[in-house]
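A short write-up of the structure that comes next.
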């Protein structure tokens, strides 16, 4: 591509409304422009990146046995009423009326349309499994669009849906798409994790989010420093490694702790480490009150509490409720000699290993010391109830947990019969009985993935595209287009490299060298080939964008060098 | 692709609401399904055809120097207000409000967005010309969607826009895209014509429609049987070929023609051919009345009349107006001895060559015979004023005119400064002066093109895809999947052909032979390879869909044969 024939409107200034690197750089490098809040035009370079990601997605989806189709953007309201989402989706669903006053949604996702399509066309288990995908512009009316393509209102998504007559078949396709997703994000060069996203009561295998590690991510991930384990911190199970040291149990003693309420205060006042203190909490689990114990240096994970009791709602008791039920204020709660013995007590597994610990004495201004759980408050159910922490062992037994922020770029989900039941997507099974199809759904944010790549690959000069993703592999720069030798050699190389199968961008603009080089760094093609003053001697310069290395070579070596670097 | 893994829901019945062949067959062959009126899902085979057309479009557009980008579907109302189209576009423009109650259009076309984009980024003639295109889903709320993809409400379009600082540059790019369009439709295998679409006062070179010849087309085209000349019949100039035979002029005579008013009646009553009669009409041209003469066998083309006078409105005079101005009823008008000599008289060029002709005598019930124009009504301006007819010589001097119906699949148009002026898309020219950019726009209906191909390529058994467009090139059919030899040879050939670079669809379904063959004819891949009972002997059958020819060959010859047929 000749730069004179395309449009790459680079900017020297950082656009004032762009908060994050990827947003700033994609604007500055002329990859896109905003047309309205959260709505962008992909300029030629931006579209090429999108298309490169799409190509990778298509290849891996096909390899996983998925077949492409294309469903419409306009989805009649009736389908969404059937599934129940017309009312539940809220203002993020963009809606409109046609000229006959019929209501439509602009598709944010296509569960309804594809379920409706397949219920009409598939009547028997014999036609299943089927895995269908599309790459399409989607719409979601985000309240606060931000970070450029990361949270837009019109965006490109790959969405896939699988249909099955058995859970085993769903599991198999889920695993195949899980692998496809891993391949896709690896080929995009991304540092990502497949994160257990909502294990909950379902066992932790039914949904994964693919998260690109990034400081600007909105979710916190707990991951192993040596294995592939990763989970949203809410979802990470904790393997209890606390043990008893064999310390002799001392006699329980009540000590005065005037105005000392928090673990920090008590721990400091009594000169006892937080991990030898006991945190006692009162929670409301649906309609029942429960005392919950965790170690002083741990945090209760309320999702685990909720899952333990299979509850609809869990929330902390109010100070008033606490006073009424346990007869004491928050800061002095403790499991020893409580006002009532009728209340259920659950504790995180680490609590059981405490020796000569400290807890509230159920009396304002006093704590117990030398508390030993099995001796002093034996009627307790021990469970995994705390948040995982950095430094904890990874639940898969390999490595140590670290935390990171993540950008969600993909999601695989076992839908089950959520849509086939509400929308009557029935098939005949092997025994001739009607049953709902079992479904999976699988999404990738294509434009968001591009942002995530830009977020991970840049430096102070601009973008640094991985070879697989770069709009062009080679940026060819005849420095002075008025110099006949430079111009001619530039043109010759442009032809030669194009013929050899490389995607080449030639900067044939009559711009100054400084402008050309700054633009080149900003837009970030993997290899820059500069045709400068030594053109007449047949010497050119290669520069690797990633590491900034540059070296002069004879023209004749160019192809060979490119082959080594790009392939 | 394995047929067991994809979805090709063929139908034996013709869907009742599908009027035309392409619509019927694309539904019956399982290429698409309607989800709402004028809105379709492209099933896997349908999408592959779309993508094949898109690939051809991209290649030819790039070759013509156009660069791809992608603009948003959601277009804020403000832009359309600027261009003036928010009000003028009418109910075909789909509109909606976002959650903040801002108005948007769903793009039917992108002149506003791209003009807005380029006015911000291009400030000087030095950055021009630029030709940008996109392939995108568009929206138009047709009042009566019909014919499947031919007139849908959500459809795929390629739209391109060029920007120039001079008319010459526009002319050059226009010609280049004209060629690209010709290449595209040729590669799609279509029988089409590039039709002069709205010459009018602009000279006939500023807009062409690309029309696929088809009985179901909504426009009539006049085309040459030997050259590339083609025009909408309204736009076709007529080269006058009428000449005088040298017949001696006889004396003008008034004859009685009781109740004979139309040319047919008079011609029959007087036993004179229609081409020796004169049709006399009174038209209102803006505010002026004009007498218009055409030969009895010709029809007045009112657009030519309008252009001749550069008028805003032309319409036939009412009977009352005619009576008042010319003192006589319609059927008896004539240019000889008219009531008034103050009225302007214009005539089609052929009129001047009449000899001893017939015309109304401006007196009910009477006609003149032996009328000779230059003698009997000399004060006449002769022009090209009639519709072209089948059998007329082609205006380009080559061949004879024929008529055909056409489906518009493409359109190239010199927009000029229509948008840059209303939207302030200014650049500095060579002399440092502000001036509006000059624009061209160029559209191709992608989904409509697919329909047009289906409309041209089918027979009573189903679709017959051209090799370039077919979803798969080879349809491989192991007849009996329970026969181990057939199944194994089928699988071997599937691998071998795929490895050789062919797109192969293998019918690995456990269906009866009859079903497989009927489906195969219906979906219409160019070559069918049948692995049947002679599999064990290494004999297979090839069948060419286009002509129905089939022949047995040894397996070893398959690749060679395919190379000859497909390439």
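The values are calculated or read from the model by the stated rules, or taken from the named source; none is laboratory data. A quick note: this is a predicted structure, and the numbers were derived from the prediction, not measured. With ideal geometry, Cβ positions are generated from the backbone for all residues, glycine too; neighbour counts draw on all protein chains shown.
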query = Is it true that some residue in the range B:527-544 is under 17 Å from residue B:513 (Cβ atoms), in contact (Cβ under 8 Å) with a residue 12 or more places away in the chain and assigned to a loop (DSSP other than H, G, I, E, B)?
reply = yes
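Please go through the range A:226-235 and give me each residue that is under 12 Å from residue A:396 (Cβ atoms) and either modelled with pLDDT of 90 or more or assigned by TED's automatic domain parsing to the domain that holds residue A:305 (or both), ordered by number. Spell out how you get there, then give the answer.
Of all residues in the range A:226-235, those under 12 Å from residue A:396 (Cβ atoms) come to A:226-231.
Within the range A:226-235, A:226, A:227, A:229, A:230, A:231 qualify.
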Answer residue from the range A:137-150, given it is closer than 20 Å to residue A:73 by Cβ and more than 8 Å from chain B (Cβ to nearest Cβ) and is nearest to the chain's Cα centre (by Cα) among those = A:149
task = Among what's in the range A:112-121 and is more than 8 Å from every other protein chain (Cβ to nearest Cβ) and under 29 Å from the mean Cα position of the chain (by Cα), pick the residue that is farthest from residue B:95 (Cα to Cα).
result = A:115
key: Which listed residue, of A:462, A:416, A:432, is at pLDDT 95 or above and not assigned by TED's automatic domain parsing to the domain that holds residue A:507   = A:462
note = Filtering the range B:143-174 down to residues that are surrounded by fewer than 18 Cβ atoms within 10 Å (Cβ to Cβ) and over 26 Å from residue B:435 (Cβ atoms) yields B:143, B:144, B:146
message = Checking the structure you have, find out if any residue of the range A:224-237 is part of a strand (DSSP E or B), within 17 Å of residue A:336 (Cα to Cα) and in contact with a strand residue (DSSP E or B) (Cβ under 9 Å, 6 or more places away or on another chain).
response = no
request  = Give me a count of the residues in the range A:337-361 that are within 20 Å of residue A:324 (Cβ to Cβ), in a loop (DSSP other than H, G, I, E, B) and in contact with a strand residue (DSSP E or B) (Cβ under 9 Å, 6 or more places away or on another chain).
outcome  = 4
message = With the condition being more than 8 Å from chain B (Cβ to nearest Cβ) and buried (at least 20 other Cβ atoms within 10 Å of the Cβ), I'd like the strands (runs of 3 or more DSSP E) fully within the range A:51-111 carrying at least 1 qualifying residues.
response = A:103-106
query = If you check residue A:46 against the conditions, is it touching a strand residue (DSSP E or B) at 6+ places or on another chain (Cβ under 9 Å) and either at the interface with chain B (Cβ under 10 Å from one of its Cβ atoms) or at pLDDT 95 or above (or both)?
reply = yes
ask   = Can residue A:202 be described as modelled with pLDDT under 90 and buried (at least 21 other Cβ atoms within 10 Å of the Cβ)?
value = no
request  = May I ask you to list the residues in the range A:122-133 that are more than 10 Å from chain B (Cβ to nearest Cβ) and in a helix (DSSP H, G or I)?
outcome  = A:125
key: All positions within the range A:463-478 that are surrounded by fewer than 21 Cβ atoms within 10 Å (Cβ to Cβ) and touching a helix residue (DSSP H, G or I) at 6+ places or on another chain (Cβ under 6 Å)   = A:468
query = For the range B:1-30, which residues satisfy the criterion of being touching a residue at least 24 places away in the same chain (Cβ under 8 Å), under 25 Å from the mean Cα position of the chain (by Cα) and part of a loop (DSSP other than H, G, I, E, B)?
reply = B:18, B:19, B:20
query = In the range A:440-452, what count of residues is obtained for those that are assigned to a strand (DSSP E or B) and buried (at least 24 other Cβ atoms within 10 Å of the Cβ)?
reply = 4
message = Here is a list: A:263, A:313. Which entry is touching a strand residue (DSSP E or B) at 6+ places or on another chain (Cβ under 6 Å) and at pLDDT below 95?
response = A:263
request  = Only residues that are away from chain B (no Cβ under 13 Å) and more than 19 Å from residue A:51 (Cβ to Cβ): list them for the range A:151-163, please.
outcome  = A:151
query = Residue check, residue A:37 against (1) at the interface with chain B (Cβ under 7 Å from one of its Cβ atoms); (2) over 19 Å from residue A:3 (Cα atoms), all met but one. Which one?
reply = (1)
task = State whether the residues of the range B:475-485 include one that is part of a helix (DSSP H, G or I), outside the structural domain of residue B:136 (by TED's automatic domain parsing) and farther than 30 Å from residue B:173 by Cα.
result = yes
